[in-house]
Amino acid sequence: MNNQKNQNTGSVVTTLLGAIVIVVAFVFLLVRLATSGYFADVDEMTGPAVETRIKPQGVVTMGDGVPAGQRTGESVFNKVCIQCHAENAVVANSPKMNHPSDWAPRIAKGMPALMNSAINGFNAMPKRGGNPDLTDAELERAIAYMANSAGGNFTEPPIVADAASASAPATASAASAAQ
Ligand code: HEC
């Protein structure tokens with residue numbers, strides 16, 4: 001009789017302990033779930049972070065620390081246009097560096113027409129060379145740089161330092177010299 005009672009008490013304690021373990025485990029998992037990053041990480045949702053993740057492959061980044069709009073024609077050419085306009089590029093129809101026969105008919109169109117092609121795209125020529133970060137002035141400098149290698153006589157638009165440094169003329173020349 002006594003034995004029977006002891007056994008009963010034992011199984012009640014076991015059941016209680018089991019229940020407590022289950023509740024603790026459940027709460028633990030619940031906490032893990034709530035803190036497991038189910039919610040969006042704010043840092044990862046910033047515009048630049050998202051753009052980096054979804055950007056198309058093969059886009060040339062201009063991560064050179066030069067403020068937008070202040071790149072020389074040569075630097076824009078070397079970063080972007082060179083893919084298709086290099087002297088030995090294998091791309092069909094693109095006027096190549098140092099090939100006057102390629103450039104003569106393009107130069108004859110005049111800079112406004114060439115700018116229009118560069119800004120809006122022209123057949124296989126992608127808009128802004130495929131790099132939307134390039135400003136109009138940077139495109140014009142790159143066109144002048146390429147065309148001038150092949151008989152053109154264009155002037156690259158000057159590089160104007162931004163408003164903050166414009167008041168110090170020395171900075172403007174230092175900025176363009178640095179490029
Ligand atoms: C993906 C290849 C590619 C890249 C990159 C590229 N171009 Fe071109 N570009 C072409 C091709 C191809 C043509 C010839 C289009 C035609 O005449 O059918 C062309 C033509 C041009 C022309 C002549 C347009 C005309 O009206 O005759 C200019 C100017 C030009 N590109 C400027 C640039 C500049 C500036 C860059 C760099 C910022 C650049 N391109 C980057 C492929 C490219």
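Could you please rank 125, 115, placing first whichever residue has the fewest other Cβ atoms within 10 Å of its Cβ?
Lowest to highest Cβ neighbour count: 115, 125.
Could you list 74, 140, 44 so that the one with the fewest beta carbons within 10 Å of its beta carbon is first and the one with the most is last?
Values: 74 15, 140 23, 44 11.
Going from sparsest to densest Cβ surroundings: 44, 74, 140.
Within straight cross-link reach of residue 127, meaning Cα distance under 14 Å, which aspartates and glutamates are found once same-chain residues fewer than 8 apart are removed?
136, 138, 140
Here, each number is a calculation from the coordinates, and none is a lab measurement. Here the structure is a predicted model, which is why all the values come from computation and not from measurement. Please note: Cβ atoms are built from the backbone with ideal geometry, for glycine as well, and neighbour counts cover all protein chains shown.
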